[in-house]
Every structure is written in C-alpha cells, then in structure tokens.
Amino acid sequence: MKPAQFKYAAPTKLDEALALLAQNADAKPLAGGQSLAPMMNLRLAQPSALVDLNRIAELDGISITPQEIRIAAMTRHRTIETAPELGAAMPILARVAAEIGHLAIRNRGTIGGSLVHADPAAEWPLAAVALDASIVMRSSRGERIVRARKFFVAPMTTAIEPDEILTEVRFPRAGRVAYGFAEMCRRHGDFALAAALSRAIFDASGRLAKVELCIGGAHPVPLLVTGLDSLISHHDADALRDAARMASEAVEPSADIHASADFRRRITVTLAYRALAECLSEAQGAHQHA
C-alpha cells in the first residue's frame, strides 16, 4: 500500500490554525490523535493536510465560575479526571473521564477531539448532551455556539463546519444536583456497549425539580429520554423500572461484532435503572427528611 502523503503544520496561535483550515477545505485539525490517527492508518480518513493543535496554549485549560465550567478543547481526559477543583465543582466530569479507555489514551486524548469524532459509544458526547453543555466553535468567520443537544447529527457526524475548530465546552452549573452513571463494556478500556447518565436537579428549597436521563451507545447519537416528569413525585422501584423500560423502547440500537441490537436494548434497561436509582437515592433521602 502506498504511504499516505499530507502536509503538516503546527501553529502556536488559534488564528493561525483557523487561517490554515480556511485555505484548505480538505485539511483536518489534529488534537490527541486517538481517533484520527487510527482512521488514517486504515485509510478511512485521508486528509491532504493536518493542522496540529497541540502547541496552541489557549486551547488548553479549565475555568470554573459559579455559573458554569469551561473546558478548553485540548484539555486531556486525564487532566479532567484528576483536577481537584473540577472534581469538587462537578464530580460527574471526573467520573466520566476515568471511564475512557486506558491510561495511555486518557493521557493523550482530548475532550474536544472526542466530541468532534462523535463515536456513539464515547463518553464525552453522552455527558455533553446529558448535562446540557454548549459547544463553542471558531472559524475565520467568527465564533459560533451550539447546544450539545443539537450538535450531534448522526454517528461520527456533528454540526461543525470544515473550517471550524471546537475551542471550548461549557457545562452549566445548576445549584444542587445529583448524578447517576452506568456503562457496560466487555473488557476494561473498551468502548461501552451502552451507557446511561442521569441527573436530578433540586430547587432552592431542596425539593426535586427535574429528572433527566441520557443514553449512549445504544442509539445513533446520545439520546435524551423524555417523559420522566412522573419521577419527580414518585420514584420507587416500580417507577424506576417503568422509566428504564421507556428508555429501552426509545433507543434504536445497531448491531456489530461486539453486540447485537437486541442485547444493547436489553442492557439499556439495566443501565438506565442503575443511573436513575443512583441519582434519585439522594432525592429519596431529601423527601424522607422534608
């Protein structure tokens, strides 16, 4: 097989990278390389140019305010997993990061690269949709912000344009929140066959105000399950089972060498139940002491 040939650039400023993308419609940004490099090896991606983002300091870092958490696109999974301030402010982010691949992958892979790659089984697309994050993109034309719940279009397909770079992810903070997360993979470090992330949002008086559930891996894109309002006032085991069945009926799983569509649908029930039970256990305690 003839070796792939492409131009390579490693700018140190974001504006330089954006200019390079604007000049070459077939160029690809290179982040951690954990997805793009294997695809290039298999000739599934054959860009004519790579724009390496690893030397752009403004694309790396975490900012925490009372209103939101901003994570720059080139921030490594391992950094998110281990940052103590982030773990205190929104612990579910560290927990999600810890489930990504093996340590070597987490040391190199980036949150922005994972989101743009948009693998249905990846953890960051699931978390972004479940936590109602906003995706910030820049091009030579300016900045654009899209809610994560509108960003994922199809497997491996997002709303980002060829000349845009994902620069930042913004996770809103909502006072008192409880989280639940569950995923299943065949071996440690594998992509999840399916996953579920739930959050319970409490009002100022400590009462449960909102319950949300998102499913990943068993649907073409992360799926936000609707119709869970009844869980606000009634969240015993029967109600959780009904909600988990609702999730399994809503997904449209695919079959591959790792699992059948039917298996993914069946494990969605279990994972949805576990995620909901975990986050609602705090609501149950608050209700008993109200």
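The values are calculated or read from the model by the stated rules, or taken from the named source; none is laboratory data. Everything quoted here is computed from the prediction, not taken from an experiment. Methodologically, a virtual Cβ is constructed for each residue, glycine included, from the backbone with ideal geometry; neighbour enumeration extends over all protein chains shown.
A few points about this structure:
- Tabulated pairs, segment 201-220, first touching a residue at least 12 places away in the same chain (Cβ under 8 Å), second basic (Lys, Arg) and part of a strand (DSSP E or B), C-beta under 7 angstrom, 6+ apart or interchain: Ile201/Lys210; Glu212/Arg199
- The residues on offer are Ala130, Ala94, Ala182, and the sole one that is of a type in the set (A, V, I, L, M, F, W, C), over 27 Å from Ala17 (Cα atoms) and buried (at least 24 other Cβ atoms within 10 Å of the Cβ) is Ala130.
- Segment 147-166, subset β-branched (Val, Ile, Thr) and buried (at least 17 other Cβ atoms within 10 Å of the Cβ), residue nearest to Leu50 (Cα to Cα): Ile165
- Residue pairs meeting the criteria (Cβ under 6 Å; at least 6 apart or on separate chains; first over 13 Å from Ala73 (Cβ atoms) and not assigned by TED's automatic domain parsing to the domain that holds Val225, in segment 129-147; second among the aliphatic types (A, V, I, L, M) and assigned to a loop (DSSP other than H, G, I, E, B)): Val146/Ala159
For every residue, the table says whether it meets (1) of a type in the set (A, V, I, L, M, F, W, C); (2) touching a residue at least 60 places away in the same chain (Cβ under 8 Å); (3) outside the structural domain of Ala194 (by TED's automatic domain parsing); (4) part of a helix (DSSP H, G or I).
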position: Arg43; (1), (2), (3), (4): no, no, yes, no
position: Gln46; (1), (2), (3), (4): no, no, yes, no
position: Met74; (1), (2), (3), (4): yes, no, yes, no
position: Arg78; (1), (2), (3), (4): no, no, yes, yes
position: Glu81; (1), (2), (3), (4): no, no, yes, yes
position: Gly87; (1), (2), (3), (4): no, no, yes, yes
position: Ile92; (1), (2), (3), (4): yes, yes, yes, yes
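- The residue of segment 208-231 that is farthest from Phe181 (Cα to Cα), among those that are part of a helix (DSSP H, G or I) and in contact with a helix residue (DSSP H, G or I) (Cβ under 7 Å, 6 or more places away or on another chain), is Ser230.
- Filtering segment 185-220 to residues that are hydroxyl-bearing (Ser, Thr, Tyr) and either buried (at least 22 other Cβ atoms within 10 Å of the Cβ) or in contact with a His (Cβ under 6 Å, 6 or more places away or on another chain) (or both) leaves only Ser198.
- The residue that is modelled with the highest pLDDT, counting only those in segment 162-174 that are assigned to a loop (DSSP other than H, G, I, E, B) and within 17 Å of Glu16 (Cα to Cα), is Glu164.
- Which listed residue, of Leu223, Leu276, Leu271, is modelled with pLDDT of 95 or more, within 30 Å of Ala31 (Cα to Cα), buried (at least 18 other Cβ atoms within 10 Å of the Cβ) and not hydroxyl-bearing (Ser, Thr, Tyr): Leu223
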